[in-house]
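Notes follow once the structure below has been shown.
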Amino acid sequence: RSYFDDTLRSEFLFSCQQETPLALAMIDIDHFKIVNDTHGHIAGDGVLVAIVKAIATQIRQANVLCRYGGEEFALILPSTSINDARRLLARIQENIRAIAYKLDNGDIIKITASIGLAVNMDHEKSFESVSEMLEAADRALYAAKRGGRDLIVEWSPALLSHAKR
């Protein structure tokens, strides 16, 4: 987690100083608790590995994927505009939907992900601090979950009126 915090802080400062875009996506696996409760933590760990592989096939070396907690991941996308982030996250979401994790007993686990996106220094949008940007991506993620899950939601000031859950 400290690696994520340090990297996001560093990339945020670079984004502000150089006026280059920085995208941050929060990715949460939908209903993951059911996977662990139904199939066990070993199967859950296998699903998490499959998710990381699905994401890794889509990102550049400069991008940073971190496990943020539990079944939640943070993806730092330096020099990535909102349009590029939209395209990338759509591909990531499709790759996650395509996972068919097969258990030893033959059962198949299918999963989806909710994604929140915040972008700094793109189209004159910027955040005052790294914590404000992180909070924005988190609020967008919660809006995706409230909206029915398996969605990508971009941060907007309208999300400030919605409480997080």
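The values are calculated or read from the model by the stated rules, or taken from the named source; none is laboratory data. Note that this is a predicted model, so its numbers are computed, not measured. In this analysis, Cβ positions are derived from the backbone assuming ideal geometry, glycine residues included, and neighbour counts consider all displayed protein chains. Ligands, DNA and RNA are excluded from the accessible area calculation, which covers all protein heavy atoms including side chains. Shrake-Rupley method; radii C 1.70, N 1.55, O 1.52, S 1.80 Å.
When Lys164 is tested against (1) surrounded by fewer than 19 Cβ atoms within 10 Å (Cβ to Cβ); (2) closer than 22 Å to His31 by Cα; (3) at pLDDT 95 or above, exactly one condition is not met: (3).
The residues of segment 1-48 that are of a type in the set (Val, Ile, Thr) and more than 14 Å from Pro78 (Cβ to Cβ), listed by number, are Ile27, Ile29, Ile34, Val35, Thr38, Ile42, Val47.
Conditions tested, residue by residue: (1) open to solvent by less than 40 Å² (accessible area, probe 1.4 Å); (2) closer than 18 Å to Leu65 by Cβ; (3) in a helix (DSSP H, G or I).
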| residue | (1), (2), (3) |
| --- | --- |
| Arg86 | no, yes, yes |
| Leu89 | yes, yes, yes |
| Ile92 | yes, yes, yes |
| Asn95 | no, yes, yes |
| Asn105 | no, no, no |
| Ile109 | yes, no, no |
| Ile115 | yes, yes, no |
| Val119 | yes, yes, no |
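Within the set Ser81, Ser126, Ser131, the sole residue that is without any contact (Cβ under 8 Å) to a residue 24 or more places away in the chain and over 30 Å from Asp37 (Cα atoms) turns out to be Ser131.
Are there helices (runs of 4 or more DSSP H) fully within segment 1-65 with at least 2 residues that are more than 27 Å from Ser156 (Cβ to Cβ), of a type outside the set (Asp, Glu) and without any contact (Cβ under 8 Å) to a residue 12 or more places away in the chain? List them. Before the answer, list the steps.
Numbers: elements: 2-18, 32-39, 41-56.
In segment 1-65, 32-39, 41-56 are the helices (runs of 4 or more DSSP H) which contain 2 or more residues that are more than 27 Å from Ser156 (Cβ to Cβ), of a type outside the set (Asp, Glu) and without any contact (Cβ under 8 Å) to a residue 12 or more places away in the chain.
Note on segment 105-139: among residues that are touching a Ser or Thr at 6+ places or on another chain (Cβ under 8 Å) and at pLDDT 95 or above, the one that is farthest from Leu13 (Cα to Cα) is Val119. Look at (1) in a helix (DSSP H, G or I); (2) within 17 Å of Asp138 (Cβ to Cβ) and you find that Tyr68 fails only one, number (1). In segment 122-149, of all residues being open to solvent by less than 50 Å² (accessible area, probe 1.4 Å) and in a loop (DSSP other than H, G, I, E, B), the one that is farthest from Thr20 (Cα to Cα) corresponds to Ser129.
Taken over segment 27-75, the criterion of being open to solvent by 20 Å² or more (accessible area, probe 1.4 Å) and polar (S, T, N, Q) is satisfied by Asn36, Thr38, Thr57, Gln58, Gln61.
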